[in-house]
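I have placed the structure first, in the form of structure tokens, so that the comments after it can refer back to it.
The values are calculated or read from the model by the stated rules, or taken from the named source; none is laboratory data. Since the structure is predicted, the reported quantities are computational estimates derived from the model, not experimental observations. All Cβ positions, even for glycine, are placed from backbone atoms using ideal geometry, and neighbour counts span all protein chains on display.
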Protein chains: 2
Amino acid sequence: MATGFDPHVAAASIEKLKDGVRNSVRDELAVEEPLEIRVDGEPLAVTMRTPGEDEELAAGFLAGEGLIGGSADIVEVGPTRDFAANTVEVRTKSGLRRNPKDERSFYLTSSCGVCGKGALEFVKQKAPPLRPATCNLRPEVVLSAPSAVRSRQSAFDRTGGLHATGLFESSGELLVVREDVGRHNAMDKAIGSLLLGGRFPLAGMFATVSGRASFELVQKASLASLIGVVAVGPPSTLAVDLARERGMLLCGFVRGGSLNVYAGSELLGN
Amino acid sequence: MATGFDPHVAAASIEKLKDGVRNSVRDELAVEEPLEIRVDGEPLAVTMRTPGEDEELAAGFLAGEGLIGGSADIVEVGPTRDFAANTVEVRTKSGLRRNPKDERSFYLTSSCGVCGKGALEFVKQKAPPLRPATCNLRPEVVLSAPSAVRSRQSAFDRTGGLHATGLFESSGELLVVREDVGRHNAMDKAIGSLLLGGRFPLAGMFATVSGRASFELVQKASLASLIGVVAVGPPSTLAVDLARERGMLLCGFVRGGSLNVYAGSELLGN
């Protein structure tokens with residue numbers, strides 16, 4: 001079935017650590033890129049999405065916000081007139097059903113509302129330079145990090161419904177764990193906890209997250225000067241691009257004694 | 001350990017269906033509520049979060065956006081002067097390091113940037129009334145829905161890194177499956193796919209999602225007039241509140257022949 005081009009998936013060269021042995025392997029990643037949704041020539045929203053069904057995404061987004069009432073409100077959905085990458089335009093029959101700017105009907109979340117390359121540029125400019133990779137993490141520290149976080153997820157134990165971020169010293173000492181329904185909030189809380197205690201930036205520390213590693217999480221880690229992100233799930237393409245650009249360690253599928261290294265394998269000791 | 005008040009967790013009465021038997025049980029849910037982050041008196045962002053460490057969340061959010069450089073930039077973090085619920089205020093020493101309004105450094109995602117009660121009011125106003133519950137779903141249709149979606153997640157098979165939403169007729173016929181790195185995008189795409197085909201609103205259909213059921217997903221389902229949401233994971237408190245308010249079916253932990261009913265159990269047949 002895996003024939004032809006699939007915009008949802010991209011190939012990557014990674015390292016796999018299993019039973020103490022590291023090998024280079026080819027892997028496939030979920031593609032993550034920003035999409036700007038425009039309506040009648042005006043930018044409306046930017047979302048981090050997997051490419052492939054941009055017209056559907058734009059139409060469904062407008063319907064889910066109550067901005068259109070059905071297909072009769074749409075004249076056309078497709079690329080913008082200037083064919084800018086990662087944009088989609090909806091042309092409506094007679095405007096949106098309400099003016100989204102009149103209402104507090106959207107909420108903001110963190111990330112960079114520009115194209116993928118622009119987002120990487122933004123982080124490069126704003127984030128302090130990482131120090132050279134003198135800071136080696138022992139593989140056993142990384143392999144055991146998810147279970148250390150898991151053992152302190154008291155609200156997850158009761159509900160099964162919360163993401164978590166733990167922050168570790170490179171020695172493996174777990175400093176703080178925070179839980180939240182939003183994965184980005186869990187990381188904000190953990191970083192904020194140390195910051196309010198007077199520790200920021202967090203050079204030499206790494207974050208462990210309970211789920212997947214999105215661009216947004218790696219971006220937050222980068223701006224906090226963390227040395228890397230260790231995830232129980234896989235990363236997206238844009239998360240890997242950013243980690244490589246910033247010289248950060250990015251590990252995923254850290255489970256049962258094995259892990260994948262997507263970026264910064266020189267930071268992982270032997 | 002589960003003694004005293006924990007702001008992350010709330011109790012709820014639900015129904016559990018197991019081995020064909022339905023019982024009322026007490027359950028615990030992850031709390032989800034909106035938080036407005038204000039800086040020096042001005043609203044900056046609203047995020048759907050689990051209460052409990054709002055000061056940390058605000059501080060970490062600002063650091064992750066490059067808006068502050070550390071605790072030295074903060075004079076105080078705490079409740080707003082008007083003690084409005086679900087707001088937190090950061091008072092800075094000399095303003096933010098850059099003006100977030102000058103830049104496209106945030107992106108928009110869908111949801112209602114007001115307090116929990118307000119969010120429920122918004123959906124009530126915008127969503128067309130649900131028709132009376134003449135539409136019964138057979139339990140076996142709901143129980144088998146997640147595996148039907150899973151069997152069509154071709155990009156997940158290759159990456160392990162994508163959420164999915166499937167839309168079903170109440171008979172159990174699966175109409176469309178869409179995958180995305182963002183759970184809200186997967187639902188937007190699935191709804192948008194039918195909408196662009198001329199089908200909207202989607203009365204009588206239900207959605208099945210691969211992960212947890214957030215407020216945002218139930219809100220989108222409600223605005224599309226779906227009869228309910230079926231999730232492999234658990235819902236948040238606000239998702240349950242909204243589903244009950246709207247008379248929608250909300251099932252979670254639909255796995256291995258059993259499920260929990262959090263709202264609208266009258267829509268689930270015998």
message: Can you find, within segment B:153-168, the residue that is nearest to the chain's Cα centre (by Cα) among those that are part of a loop (DSSP other than H, G, I, E, B) and of a type in the set (Gly, Ala, Ser)?
response: B:161
- line: Restricting attention to segment B:172-184, the residues that are farther than 17 Å from residue A:235 by Cα and either touching a helix residue (DSSP H, G or I) at 6+ places or on another chain (Cβ under 7 Å) or buried (at least 24 other Cβ atoms within 10 Å of the Cβ) (or both) number exactly 7
- request: Go through segment B:1-40 and give me each residue that's at positive phi, at pLDDT 90 or above and small (Gly, Ala, Ser).
  value: B:20
message: Quick check on my filter: what residues within segment B:63-81 are in contact with a strand residue (DSSP E or B) (Cβ under 7 Å, 6 or more places away or on another chain) and modelled with pLDDT of 90 or more?
response: B:68, B:73, B:74, B:75, B:76, B:77, B:78
message: Considering only residues that are within 17 Å of residue A:98 (Cβ to Cβ), within 23 Å of the chain's Cα centre (by Cα) and not in a helix (DSSP H, G or I), which ones fall in segment A:44-75?
response: A:44, A:45
- prompt: When segment A:3-32 is examined, which residues are found to be surrounded by 15 or more Cβ atoms within 10 Å (Cβ to Cβ) and either closer than 16 Å to residue B:184 by Cβ or aromatic (Phe, Trp, Tyr) (or both)?
  reply: A:30, A:32
message: Exactly one of these conditions fails for residue A:220: (1) within 27 Å of residue B:46 (Cβ to Cβ); (2) of a type in the set (Lys, Arg); (3) without any contact (Cβ under 8 Å) to a residue 40 or more places away in the chain. Give me its number.
response: (3)
- prompt: Among the residues of segment B:243-266, how many are over 19 Å from residue B:143 (Cβ atoms) and out of contact with any Gly (no Cβ under 9 Å at 6 or more places or on another chain)?
  reply: 1
- request: Output the number of residues of segment B:182-225 satisfying the condition of being touching a Phe, Trp or Tyr at 6+ places or on another chain (Cβ under 9 Å) and aliphatic (A, V, I, L, M).
  value: 7
